[in-house]
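Trainee: Sharing a structure with you now.
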Amino acid sequence: MKVAVIQFPGSNCDQDCLRAFTEGLKVEAEYIWHKESSVAGFDAIVLPGGFSYGDYLRCGAIARFSPIMKAVQDAAEQGMPVFGVCNGFQILCEAGLLPGALVRNRSLLFVCQPVLLKVETSDTPFTQSIERGRILRMPVAHGEGAYVADSQVLAELDCNEQVVFRYVDATGEPVASANPNGSAHNIAGICNWERNVVGMMPHPDRAWDRKLGSEDGRLIFESMLRTSSVA
Amino acid sequence: MKLQVIVMPKQSVLDPQGVAVKNAVRDLGLDTVDHVRVGKLLELRFTTPPDPAKLNEICRDLLSNPVIEDYVIQYPTVAEAGE
């Protein structure tokens, strides 16, 4: 098992992601600079958080045209697990690998706080070891994290169980007060139709060790590990 | 040759920035303000006129995100083009 962590100019959670694997899970992980054009030899891809290209134009809008993204696209189409956190989620949406878009938080404020997430499906490489309905705690840190999509896409996401994580309160209800950014339907993370590409705004890479305040993010990375050992 | 691309949030997408600006405009005394939307204007200069199909492709794929935004290309008027 070898995980690729893509580095764009302006990525700033690349080390967090790499260490979640190398130190948290003791598996091999390496950076790939965005100018590279191949992910050969890797079993999974992570697009980390940050501010690729300074968030110029729109978050992720320029990064999606980085040379490595063609390889990421091809790997995704061949079924490789691809995971985007925060800016990585924004890039996956801009690239069309995930439906919808992430826009300015409803409050116009940058939010940086712990949130509760409900796992809505175990049917993705990143949640297969987590029972459906489990509530995870990890931080969000973003200014543009409000998930939007037209009503048809939102209906399809629900119908196909493509919503992977939802912001909830302690009882597991997706109430407005638990929604940090104004996301439609309290959506915190989704997958593609084929289910191998997952994006989420909260940061499991900042919650994989008790020292970080939560270990819940580890469950996501451990799930991912199980996929590639099977593959 | 200079042209402008105007990118605006779709009507169906909430524009919290527009709402905040509207509230500020109202608070500063223009209390009949009803609606404000904030978009962006990109000014592009070319040494020779661009291929329209390619330009549209780039407006759609890079300069705007069709999920949340619409764009309009404003070509220079004949008078401006002669400048």
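Bear in mind that the values in this text are calculations on the coordinates, not laboratory data. Quick caveat: nothing in here was measured; it's all calculated off a predicted structure. Virtual Cβ from ideal backbone geometry, glycine too; neighbours counted across all protein chains shown.
Trainee: Select from segment A:164-182 the residues that are over 24 Å from B:Asp15 (Cβ atoms), of a type in the set (A, V, I, L, M, F, W, C) and within 21 Å of the chain's Cα centre (by Cα) and list them in ascending order.
Mentor: Across segment A:164-182, the qualifying residues are A:Val164, A:Phe165, A:Val168.
Trainee: Mind checking which residues of segment B:44-66 are in contact (Cβ under 8 Å) with a residue 24 or more places away in the chain and within 14 Å of another protein chain (Cβ to nearest Cβ)?
Mentor: B:Leu44, B:Cys59, B:Leu63, B:Ser64, listed by residue number.
Trainee: Taking segment B:7-25 as the search range and keeping residues that are aliphatic (A, V, I, L, M) and within 14 Å of another protein chain (Cβ to nearest Cβ), which one is surrounded by the fewest Cβ atoms within 10 Å (Cβ to Cβ)? Give the derivation first.
Mentor: So in segment B:7-25, the residues aliphatic (A, V, I, L, M) come out as B:7-8, B:13-14, B:19-21, B:24-25.
Then drop every residue that is not within 14 Å of another protein chain (Cβ to nearest Cβ), which leaves B:7-8, B:13-14, B:19-21, B:24.
Numbers: B:Val7: 19, B:Met8: 19, B:Val13: 19, B:Leu14: 17, B:Val19: 16, B:Ala20: 15, B:Val21: 15, B:Ala24: 12.
Here the answer is B:Ala24.
Trainee: Give all pairs with beta carbons closer than 7 Å in which a residue from segment A:124-135 that is within 11 Å of A:Val164 (Cα to Cα) meets a residue that is acidic (Asp, Glu); count only pairs at least 6 apart in sequence or on separate chains.
Mentor: Taking only residues 6 or more apart or on different chains, the pairs are A:Arg132/A:Glu120.
Trainee: Could you check segment A:155-172 and list, in sequence order, the residues that are farther than 16 Å from A:Gln113 by Cβ and among the β-branched types (Val, Ile, Thr)?
Mentor: Within segment A:155-172, A:Val163, A:Val164, A:Thr171 qualify.
Trainee: Residue under question is A:Phe51, and the condition is that it be over 19 Å from A:Ala141 (Cβ atoms) and under 17 Å from the mean Cα position of the chain (by Cα); does it hold? So that I can check it myself, show each step before the final result.
Mentor: On the way: over 19 Å from A:Ala141 (Cβ atoms): no; under 17 Å from the mean Cα position of the chain (by Cα): yes.
Against the criterion (over 19 Å from A:Ala141 (Cβ atoms) and under 17 Å from the mean Cα position of the chain (by Cα)), A:Phe51 does not qualify.
Trainee: Can you tell me which residue in segment A:41-86 is farthest from the other protein chains (Cβ to nearest Cβ), limited to those that are of a type in the set (Val, Ile, Thr) and farther than 17 Å from A:Asn12 by Cα?
Mentor: Filtering segment A:41-86 for residues of a type in the set (Val, Ile, Thr) gives A:45-46, A:62, A:68, A:72, A:82, A:85.
With the extra rule that they be farther than 17 Å from A:Asn12 by Cα, the set shrinks to A:68, A:72, A:82.
Details: A:Ile68: 17, A:Val72: 16, A:Val82: 19 Å.
So, considering only residues that are of a type in the set (Val, Ile, Thr) and farther than 17 Å from A:Asn12 by Cα, the one farthest from the other protein chains (Cβ to nearest Cβ) is A:Val82.
Trainee: Working only within segment A:122-135, note down all residues that are surrounded by 22 or more Cβ atoms within 10 Å (Cβ to Cβ) and in contact with a Lys or Arg (Cβ under 8 Å, 6 or more places away or on another chain).
Mentor: A:Thr124, A:Pro125
Trainee: On the given criteria, is A:Lys118 basic (Lys, Arg) and without any contact (Cβ under 8 Å) to a residue 40 or more places away in the chain?
Mentor: Working: basic (Lys, Arg): yes; without any contact (Cβ under 8 Å) to a residue 40 or more places away in the chain: no.
Taking the combined requirement at face value, the residue does not satisfy it.
Trainee: Turning to a different aspect of this structure: For segment A:106-113, state whether one or more residues are of a type in the set (A, V, I, L, M, F, W, C), in contact (Cβ under 8 Å) with a residue 12 or more places away in the chain and crowded, with 24+ Cβ neighbours inside 10 Å. Break it down into steps so the answer makes sense when it comes.
Mentor: At the first step, the residues of segment A:106-113 found to be of a type in the set (A, V, I, L, M, F, W, C) are A:108-112.
If we keep only those that are in contact (Cβ under 8 Å) with a residue 12 or more places away in the chain too, we end up with A:109-112.
If we keep only those that are crowded, with 24+ Cβ neighbours inside 10 Å too, we end up with none.
Checking segment A:106-113: not a single residue is of a type in the set (A, V, I, L, M, F, W, C), in contact (Cβ under 8 Å) with a residue 12 or more places away in the chain and crowded, with 24+ Cβ neighbours inside 10 Å.
Trainee: Return yes or no: is B:Leu28 surrounded by 16 or more Cβ atoms within 10 Å (Cβ to Cβ), more than 9 Å from chain A (Cβ to nearest Cβ) and farther than 30 Å from A:Pro99 by Cα? Talk me through it step by step, then tell me what you get.
Mentor: On the way: surrounded by 16 or more Cβ atoms within 10 Å (Cβ to Cβ): no; more than 9 Å from chain A (Cβ to nearest Cβ): yes; farther than 30 Å from A:Pro99 by Cα: yes.
Judged against the criteria, B:Leu28 is not a match.
Trainee: Checking A:Asn186 against (1) more than 17 Å from A:Gly96 (Cα to Cα); (2) of a type in the set (S, T, N, Q); (3) surrounded by fewer than 19 Cβ atoms within 10 Å (Cβ to Cβ), only one condition comes out false. Which one?
Mentor: (3)
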